[in-house]
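Input: a single structure, listed below in structure tokens.
The values are calculated or read from the model by the stated rules, or taken from the named source; none is laboratory data. Being a predicted model, the structure only gives us computed values, none of them experimental. Cβ placement follows ideal geometry from the backbone for every residue including glycine, while neighbour counts extend to all protein chains displayed. Keep in mind that these areas ignore ligands, DNA and RNA; they rest on the heavy atoms of the full protein, side chains included. Shrake-Rupley method; radii C 1.70, N 1.55, O 1.52, S 1.80 Å.
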Amino acid sequence: MSELDAYLQARDGLLAKRADYVAAADGFRWPRLERFNWALDFFDVVPPRDRVALIVASEAGATQRRTYGELSARSDQVAAFLRSLGVGRGDAVLVSLGNTVALWETMLAAMKLGAVVIPASTLLAASDLADRVTRGGVRAAVVAAELAERFAPEWAPPVRVAVGEPVDGWVSFAASAEHAEGFEPDGPTSGDDPLLLYFTSGTTATPKLVLHTHTSYPVGHLTTLYALGLQPGDVHLNISSPGWAKHAWSSFFVPWTAEATLLAFDYARFEPAPLLDVLVDQQVTTFCAPPTVWRMLVQQDLASHPVRIREALSAGEPLNPEVIEQVERAWGVTIRDFFGQTETTALVGNTPGQPVKAGSMGRPLPGYDVVILDADGNPADEGEVCVALAEAPVGIMAGYRDDPAKTAEVTRDGYFHTGDAATRDAEGYITYVGRMDDVFKASDYRLSPFELESVLVEHPAVAEAAVVPSPDRRRNAVPKAFVVLADGRRPEMKVAESILAHCRARLAPYKRIRRIEFAELPKTISGKIRRVELRAREMARGEDPARAENEFWEQDFTPSGAPSGS
């Protein structure tokens, strides 16, 4: 059996068992591919050449379409173009582009060359880019023309390509159209060759360099394909910014592995109304968005938009049940959560056709032996989410580049340690609790920030929230919420009183929020909340009773509003 046949056999088995979780989990075996280049061996060969592979829809209503055949030929041109500039196998190529056709052309081309792609958000500052170029050993950068000024001469890579308007000192991407369409690779690609180098978003520390190979993502994302439930011919829309791993998951490998059409929504500032129009106009059948987007969508009249969505998905962080219920009432489809990390492909998911338990992110996906380990490293019903490495699951990173100690730490004792805490019930459903570093004790009770934040965001005045421990003389620590208010709301005592009352009615006494501060939330460049920064801020205060501006404690209110004491 050829390498491609083994890959297709594994993929087709999952597609055929789309709604039969037990059969899929029992029957799946990772294909072990010694030589494989997904762009050359699969994308150029398998999907129908005349099927639309990519639609880029702008918020203004314009669309660009490319078939599989067109993207195959065009990426050959771009590969030849980059080779002519001196880019070859093993060279690091930083790519910082928005949702433009050039992004997908460049990704495919770099893969065909055997180059190592470093995806980078267009929101990165010059200092972030300098860090990536330097630590990533970047030889070439392909970036939007307006970003070129962020590259300083003293650290900019030798090969610089600008997409868009001409830039002095940069080669124009438009010149790639002058190359012949034919492309011949300089040799075979090993499945273990490096393909992607991701800089993590740094929620707790400086970004780590996560290295993936020509199998760990292209083959590893078979599990993500199963979690999303895509089928050939689907129109898939994923709301995710280029430059982060989730974009490669749902806006590259998964839809094209399924031989589906990828729809990308290009916008300057996200607004829910244009997105809803795109969902209807482009007849989207599968849709994935982060919780923030879903929370914005449910503020609209969803029922007035006749979507054709069969699979509705959420990832990035767990989604609160109230939003799931609102979408189900309006569109008759249940949002399904799934879970993974930049270091992995999808590990756990609520898969198609299976019962969805409120708050749970599902069960282990085919190919992964996911276990919950307690503090002593023993299997338990509550603890850290880990993946057994005995069967060498394909979708785990090759390691943290240049940091063997960190790699050894997360792969110790025969497990990949995610650093995420969760619980598992008798039926194997796993419920996210939070990052191991975020879970804290208050009055000797272990509390999950996510659980408390899910209750907070159900209040109409709350747009976003983050919960951390705040030092307290009596209880050692109490839950404190940092809250971003919804538009039109003011940081007033009566609003704080209303939010505390809301939480008191929905949480057990030992879990309830005791303090609120209305403030902006520190975030990573990818939009993840840096609770570690908020936690450090609170710890630095100690038991000092002095309040921050716009901070309220439950004892500020009368017994009728929020009782003091217990």
Mean ellipticity per residue at 222 nm, deg cm²/dmol - from DSSP H runs of n ≥ 4 across the chain, formula -39500 (n - 2.57): -7500 deg cm²/dmol
How long is the gain from S304 to T134 if the chain were fully straight, where each residue apart is worth 0.36 nm and the alpha carbon distance is subtracted? 56.2 nm
Counting only protein heavy atoms with a 1.4 Å probe and every protein chain in place, the carbon and sulfur fraction of the accessible surface of the range 417-566 in whole percent equals 47 percent
Arrange the residues I499, I396 by how much accessible surface each exposes, largest first, with a 1.4 angstrom probe. I396, I499
What residues from the range 1-39 fall in the zone where the backbone N is under 20 Å from a label point 7 Å along the Cα-to-C-beta line of R89? 3-4, 33-39
What FRET efficiency, computed as 1/(1 + (r/R0)^6) with R0 = 25 Å and r the Cβ-Cβ distance, is obtained for L4 and A177, rounded to the nearest 0.05? 0.25
Using the alpha-carbon atoms, what tilt in degrees (0 to 90, nearest 10) does helix 321-331 show relative to the longest principal axis of the chain? 60 degrees
Quick one: with all protein chains in place, what share of the accessible area of the range 149-202 is carbon or sulfur, to the nearest percent (1.4 Å probe)? 49 percent
I need the calculated FRET efficiency for the pair E427 and A392, taking r as the beta carbon distance and R₀ as 25 Å, to the nearest 0.05. 0.35
Are there GluC sites (Glu not before Pro) in the range 127-231 that DSSP marks as loop and that have at most 14 other Cβ atoms within 10 Å, and which are they? E154, E181
For the range 440-548: rounded, prolate or oblate by the Cα gyration tensor [a/c cutoff 1.5]: rounded
Modelling each spin label as a point 7 Å along the Cα-to-Cβ direction, I'd like the A152/Y267 distance in nm, to one decimal. 3.6 nm
Given a Förster distance of 30 angstrom, what is the FRET efficiency for A486 paired with E543, based on the Cβ-Cβ distance and rounded to 0.05? 0.40
Counting only pairs 8 or more places apart or on different chains, how many lysine pairs in the chain have C-alpha atoms closer than 27 Å? 29
Note on the chain: contact order normalised by length, alpha-carbon pairs under 8 Å, 6 or more apart, percent, works out to 11 percent
May I ask what percent, to the nearest 5, of DSSP beta bridges between residues of the chain are antiparallel? 60 percent
What length, rounded to one decimal in nm, is gained on full extension from R474 through to D381, with 0.36 nm per residue of separation minus their alpha-carbon distance? 30.4 nm
Taking 8 Å as the Cα distance limit and 6 or more residues as the minimum spacing, I'd like the relative contact order of the range 146-186 as a percentage. 25 percent
If you line up the long axis of helix 3-16 against the longest principal axis of the chain, both from Cα atoms, how many degrees apart are they, to the nearest 10? 40 degrees
Per residue, how much accessible area does the range 82-131 have with a 1.4 Å probe, in Å²? 23 Å²
Once both label points are put 7 Å beyond Cα along the C-beta direction, the D281-E184 separation in nm becomes 4.5 nm
Tell me whether the range 208-270 comes out rounded, prolate or oblate; compute the Cα gyration tensor, take square roots of the eigenvalues as a ≥ b ≥ c, and use a/c under 1.5 as the rounded threshold. oblate
Loop only by DSSP, 11 or fewer other Cβ within 10 Å of the Cβ. Give me the trypsin sites (Lys or Arg not before Pro) in the range 241-332 that pass, ordered by residue number. R269
Within the accessible area of the range 204-246 (1.4 Å probe), percent carbon and sulfur: 58 percent
Ignoring ligands, DNA and RNA, what accessible area per residue does the range 352-468 give at 1.4 Å, in Å²? 43 Å²
For a label point 7 Å along the Cα-to-beta-carbon line of T334, residues of the range 448-467 with backbone N under 15 Å: none
